[in-house]
Amino acid sequence: MFNKIEIQTDSLIAISYAENGNIPVCVAEIGKIEEPNKFYFHRLFVKKEYRNKGWATKLMEELTTKCDERGIEVLLEINPYTDEIDYQQLESFYKKFGFEKVGDHYIRKPRTN
């Protein structure tokens with residue numbers, strides 16, 4: 001059984017899922033920067049034994065929906081932290097959620113209905 005843990009404030013959006021009530025298996029987090037309606041993507045992490053099971057996609061779908069609802073633009077730097085996935089794989093993953101390369105960063109503008 002997995003429990004969703006969500007924190008939303010004016011300066012932070014964090015979503016995670018925990019197993020057995022309190023052991024996090026994955027997390028996505030963005031935090032506000034000084035520019036209005038702009039947040040920086042801090043982390044997307046899935047524990048090794050839970051990878052390739054859709055958790056990262058689930059977190060990104062939820063996070064991008066929240067950003068769209070709140071009109072938030074997200075800035076991202078791609079940093080592979082393991083040799084299990086490379087830069088190109090991460091780039092492809094983030095592009096599926098609307099991130100576009102602008103200079104050294106990736107930006108996702110909010111989508112409106």
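The values are calculated or read from the model by the stated rules, or taken from the named source; none is laboratory data. The shown structure was predicted, so the numbers you read here are calculated from the model rather than taken from an experiment. Note that we place each Cβ from the backbone using ideal geometry, even for glycine, and neighbour counts take in every protein chain shown.
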| How many residues does region 33-55 contain that are more than 18 Å from residue 111 (Cα to Cα) and either part of a loop (DSSP other than H, G, I, E, B) or basic (Lys, Arg) (or both)? | 10
| task | Could you please tell me which pairs satisfy a Cβ distance under 8 Å, a separation of 6+ or placement on different chains, a first residue in region 7-19 that is modelled with pLDDT of 95 or more, and a second residue that is in a loop (DSSP other than H, G, I, E, B)? | result | 13/72
| message | With the requirement that a residue be surrounded by 11 or more Cβ atoms within 10 Å (Cβ to Cβ) and assigned to a helix (DSSP H, G or I), what does region 70-103 give you? | response | 70, 89, 90, 91, 93, 94, 95
| request: Check off (1) surrounded by fewer than 11 Cβ atoms within 10 Å (Cβ to Cβ); (2) under 20 Å from residue 3 (Cβ atoms); (3) not charged (D, E, K, R) for residue 25 and give me the number that stays unchecked. | output: (1)
| message | Here are the criteria: (1) out of contact with any helix residue (DSSP H, G or I) (no Cβ under 7 Å at 6 or more places or on another chain); (2) touching a residue at least 12 places away in the same chain (Cβ under 8 Å). Tell me which single one residue 92 does not satisfy. | response | (2)
| task | Of all residues in region 6-22, count the ones that are in a strand (DSSP E or B) and surrounded by fewer than 13 Cβ atoms within 10 Å (Cβ to Cβ). | result | 3
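For residues that are among the aromatic types (Phe, Trp, Tyr) and under 26 Å from residue 11 (Cβ atoms), scanning just region 43-74, find the one that is modelled with the lowest pLDDT. If you could, list the steps in order and put the result at the bottom.
Step one: filter region 43-74 for residues among the aromatic types (Phe, Trp, Tyr), giving 45, 50, 55.
Still in the list and also under 26 Å from residue 11 (Cβ atoms): 45, 55.
Values: 45: 93, 55: 97.
Restricting to residues being among the aromatic types (Phe, Trp, Tyr) and under 26 Å from residue 11 (Cβ atoms), the top hit is 45.
Looking at the structure I just gave you, is residue 106 part of a strand (DSSP E or B) and under 24 Å from residue 11 (Cα atoms)?
Values: part of a strand (DSSP E or B): yes; under 24 Å from residue 11 (Cα atoms): yes.
Answer is yes for this residue.
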